[in-house]
Structure formats: C-alpha cells, structure tokens
Amino acid sequence: KANGDRYEGRFVDGHLNDTFAKVTFANHSTYIGSFYNKMLNGHGTYIWPDGTQYKGNWEDGKPSSEGTFLVPIFRSIPGSFEEYSEIMLKEEWERARKQ
C-alpha cells in the first residue's frame with residue numbers, strides 16, 4: 001500500500017478479505033488474524049513494535065469482546081476491551097507497566 005502498510009492474505013475485489021491474514025503497518029505494528037471489509041474483523045492478535053499484544057475478537061477495527069492484553073513484562077491483563085481504541089489499549093499497558 002502507498003502508506004507503507006504490507007498485507008498478506010487473500011484479496012477479493014481488490015480488498016483484503018480473509019479468515020487468516022497478516023498486516024504489517026507502516027508504524028511497525030502487526031496484526032495477525034481475520035480481516036474483512038477492509039478492517040480487522042474476527043479473532044486476531046495486534047502486536048505493537050515493543051512486543052505489547054492484544055489477543056481477542058475485533059469488529060470494524062476495534063476490540064469487540066473479551067480479550068487478553070499481554071505486556072512485555074510477561075504479565076497479562078484479562079478483561080473486556082471492546083470500547084478501547086489502539087491508543088487506549090496502549091495507555092492501559094502503560095498503567096499496568098507502572099504497577
């Protein structure tokens with residue numbers, strides 16, 4: 001993609017639509033999982049460049065239900081993150097890291 005994102009998976013009508021895909025974003029974050037309607041949809045894992053991860057279900061590019069937030073300090077934070085954006089998830093990790 002022109003913005004530096006790299007997509008691996010099955011394309012339908014010029015768009016990535018697959019039950020398993022890998023997207024490496026220009027910011028060096030990675031998403032591995034279901035991708036539909038040009039967005040993260042279904043089960044998948046989002047990985048930030050520092051190793052922080054969110055594993056769970058996604059709907060229209062946002063966490064949609066229960067998931068697990070993994071931080072590089074080998075601590076997981078289970079919970080419901082459905083209203084969280086990528087930035088909010090990162091802030092949650094920062095708070096956990098300081099504990």
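The values are calculated or read from the model by the stated rules, or taken from the named source; none is laboratory data. The model shown is predicted, which means the values in this text are computed figures rather than measured ones. A quick note on method: Cβ atoms are made from the backbone with ideal geometry, for glycine too, and the neighbour counts reach across all protein chains shown. When the accessible area is computed, the model is the full protein with side chains, heavy atoms only, and any ligands, DNA or RNA have been set aside. Shrake-Rupley method; radii C 1.70, N 1.55, O 1.52, S 1.80 Å.
Conditions (1) at pLDDT 85 or above; (2) more than 13 Å from the chain's Cα centre (by Cα); (3) assigned to a strand (DSSP E or B), marked per residue:
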| residue | (1), (2), (3) |
| --- | --- |
| 22 | yes, no, yes |
| 45 | yes, no, yes |
| 67 | yes, no, yes |
| 77 | no, yes, yes |
| 82 | no, no, no |
| 87 | no, no, no |
**Report entry** Matching residues, the range 26-43, being farther than 14 Å from residue 9 by Cβ and in a loop (DSSP other than H, G, I, E, B)
**Finding:** 26, 27, 28, 29
Requested in this report: Considering only residues that are in a strand (DSSP E or B) and closer than 20 Å to residue 6 by Cα, look in the range 56-65 and name the one that is least open to solvent (accessible area, probe 1.4 Å).
Outcome: 58
